[in-house]
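Written out below as structure tokens is the structure these notes cover.
The values are calculated or read from the model by the stated rules, or taken from the named source; none is laboratory data. In this text, all values refer to a predicted model and were calculated from it rather than measured experimentally. We place every Cβ from the backbone using ideal geometry, glycine too, and count neighbours over all the protein chains shown.
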Amino acid sequence: MLAPVENLAMPRTAAFFDLDKTVIAKSSTLTFGKSFYQGGLINRRAVLRTAYAQFVYLLGGADHDQMERMREYLSALSRGWDVQQVKEIVAETIHDLIDPIIYDEAASLIEEHHLAGRDVVIVSTSGAEVVEPIGDMIGADRVVATRMVVEDGRFTGDIEYYAYGPAKAEAIRELAGSEGYDLARCYAYSDSATDVPMLEAVGHPHAVNPDRALRKEALARGWPVLSFSRPVRLKQRIHSLPMPSRPALAVTAAVGAAAAAAGLVWYNSRRRARLGPFRPF
């Protein structure tokens, strides 16, 4: 159960979401493998390797060693890529690739946090060129993501900022300082034990579809464990929102009519008091 709507006099708060397997059902970076191949950025062998990496990731997540190997591989793979071309490929394919794998449960939580007056921040190890447009799609207020070094419009293969592990927690604390968030009243969501530092940084941590290590940690600490299992397109999700029942609509109409009648009686009584009793000509 989420806390009530924020009082404007209270410090600001936020909900921090990991992206992969927390908001979306797959790895955001690996999902674009086929699109990067079609755009001429990678060869067929790299496509097969990214597909296999996606399969392994979906089966059991990724521990620290696996994340390091993936980081080294993707950094080397992206060396020399034209940054603008990457952005264009992501923009052209994001709705086909990412929209269908957004968890309905995550989208609902994001809406609830916004309604409660909290900012929503995506904190992801994936690259900013992928994470930022996904953040826009799901309505995030801010994004923290890995940034690659760029020279002459191309990736060098080096990493400028790696949003991983303790670095995520540090980014959250920096945001809290600049935005005035009260971390004790903030929320965080992740699927991976590598994000324990991020979860520890807030007062309301949640494990979402946790890997084995995070599940064990969450149970030991009494953190809520959530299961997200319904990927759905955002448009379909909007169309599938429950409509009020006929009795509910009837009650609403009756209440509205009663309110209007009461208002008319109040207005007439005030008018008579101000103008005196009505006299015909």
Pick from Thr22, Thr29: which is under 19 Å from Gly135 (Cβ atoms) and either modelled with pLDDT under 85 or not assigned by TED's automatic domain parsing to the domain that holds Asp195 (or both)? Thr29
Of all residues in segment 82-101, how many are part of a helix (DSSP H, G or I) and within 16 Å of Ile138 (Cα to Cα)? 10
Among the residues of segment 113-125, are any of a type in the set (S, T, N, Q) and closer than 27 Å to Arg212 by Cβ? yes
Positions within segment 178-195 being hydrophobic (A, V, I, L, M, F, W, C) and out of contact with any strand residue (DSSP E or B) (no Cβ under 6 Å at 6 or more places or on another chain), in sequence order: Leu183, Ala184, Ala193
Set Val130, Val120: member being in the same structural domain as Lys34 (by TED's automatic domain parsing), under 24 Å from Ala25 (Cβ atoms) and modelled with pLDDT under 95: Val130
Among helices (runs of 4 or more DSSP H) lying entirely in segment 160-258, which contain 3 or more residues that are modelled with pLDDT under 95 and of a type outside the set (A, V, I, L, M)? 234-239
Which members of segment 135-157 meet the condition of being surrounded by fewer than 18 Cβ atoms within 10 Å (Cβ to Cβ) and part of a loop (DSSP other than H, G, I, E, B)? Gly139, Asp141, Asp152, Gly153
For the structure I just gave you, tell me whether Tyr103 is aromatic (Phe, Trp, Tyr) and at pLDDT below 95. no
Which of the residues spanning segment 133-189 are of a type in the set (Gly, Ala, Ser), in contact (Cβ under 8 Å) with a residue 60 or more places away in the chain and under 21 Å from Phe32 (Cα atoms)? Ala140, Gly153, Gly157
Name the single residue that is nearest to Val202 (Cα to Cα) among those in segment 12-25 being touching an Asp or Glu at 6+ places or on another chain (Cβ under 7 Å) and not in a strand (DSSP E or B). Thr13
